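Okay, structure first, notes after.
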Amino acid sequence: MSEVLPPNVWFFPDAKADLGRLDRSQRVLVLRAIAKIARAPDRVGKPLGHLAGLNLAGFRSVYVDRKRIRIVWKVAETGVVQVAVIAAVAEREGLVVYRTAAQRREAIDAWIQKRIESSG
């Protein structure tokens, strides 16, 4: 999959598994949306904050597939370029994708830090 992703898009490993659970047509739509996200990670979609008791400050969200799927990502500064770290991808079912991203928050932050340190 890395051969089709822009270099400034990183998939948190669990989010890559989320993408794999979608059907092929949905994956194509998600990857198209991610290409748009890559162009301006901090301007595409809507910024999230505190939502239903979930701390999603610093994350953004966008719908795809006629609002059936949400993509949630975090914009990270690597010191060189803005990176969109895909935190969760799921069908729009209540707050499932938001809860998933919030639960992964600490692990995502640690993963980003490790990845930045290993590339620098």
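The values are calculated or read from the model by the stated rules, or taken from the named source; none is laboratory data. Treat the numbers as computed from the prediction; the structure is a model and nothing was measured. Note that each Cβ is placed from the backbone with ideal geometry, even for glycine, and that neighbours are counted across all protein chains shown. All accessible areas refer to the heavy atoms of the entire protein, side chains included, with ligands and DNA or RNA removed. Shrake-Rupley method; radii C 1.70, N 1.55, O 1.52, S 1.80 Å.
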Using P(r) over Cα pairs in 5 Å bins from 0, in percent as the read-out, say which of [x] 2, 12, 24, 26, 22, 10, 3, 1; [y] 2, 11, 17, 16, 17, 14, 12, 8, 2, 0; [z] 2, 11, 21, 23, 17, 12, 8, 3, 2, 1, 0 was calculated from these coordinates. [x]
Comparing Arg66, Arg24, Arg32 in a Gaussian network model of the chain (Cα, 10 Å), the one with the largest mean-square fluctuation is Arg66
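For the chain, what does the accessible surface come to per residue with a 1.4 Å probe? Please give it in Å². Numbers along the way, then the final one.
Details: 6800 Å² over 120 residues.
On a per-residue basis, the chain sits at 57 Å².
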Output ordering of 36-43, 10-17, 81-88 (per-residue mean of other Cβ within 10 Å, highest first) is 81-88, 10-17, 36-43
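Compute the Cα gyration tensor for segment 79-120, then decide on rounded, prolate or oblate, letting a ≥ b ≥ c be the square roots of its eigenvalues: rounded whenever a/c is under 1.5, prolate when a/b is larger than b/c in the other cases, and oblate in all that remain. Before the final figure, lay out each step's value.
Details: a/c = 4.08, a/b = 2.26, b/c = 1.81.
Prolate.
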Per-residue accessible area, 1.4 Å probe, largest first, puts Tyr63, Tyr98 in the order Tyr63, Tyr98
Rounded to the nearest 500, what is the 222 nm mean residue ellipticity of the chain from helices alone, with -39500 (n - 2.57) per DSSP H run of 4+ residues and division by all residues? -13500 deg cm²/dmol
Please report how far the C-alpha centroid of segment 1-52 lies from that of segment 53-120, rounded to the nearest whole angstrom. 9 Å
Carbon + sulfur, % of accessible area of the chain - ligands and nucleic acids excluded, 1.4 Å: 50 percent
Once amide hydrogens are built 1.01 Å from N within the peptide plane, the residues lying 5 or more places from Ala87 or on another chain with amide H under 5 Å from its amide H are Val72, Trp73, Lys74
Using a cut-off of under 15 Å, list every residue of segment 85-115 whose amide N is near the label point 7 Å from the Cα of Lys16 along the Cα-to-beta-carbon line. 85-89, 108, 111-112, 115
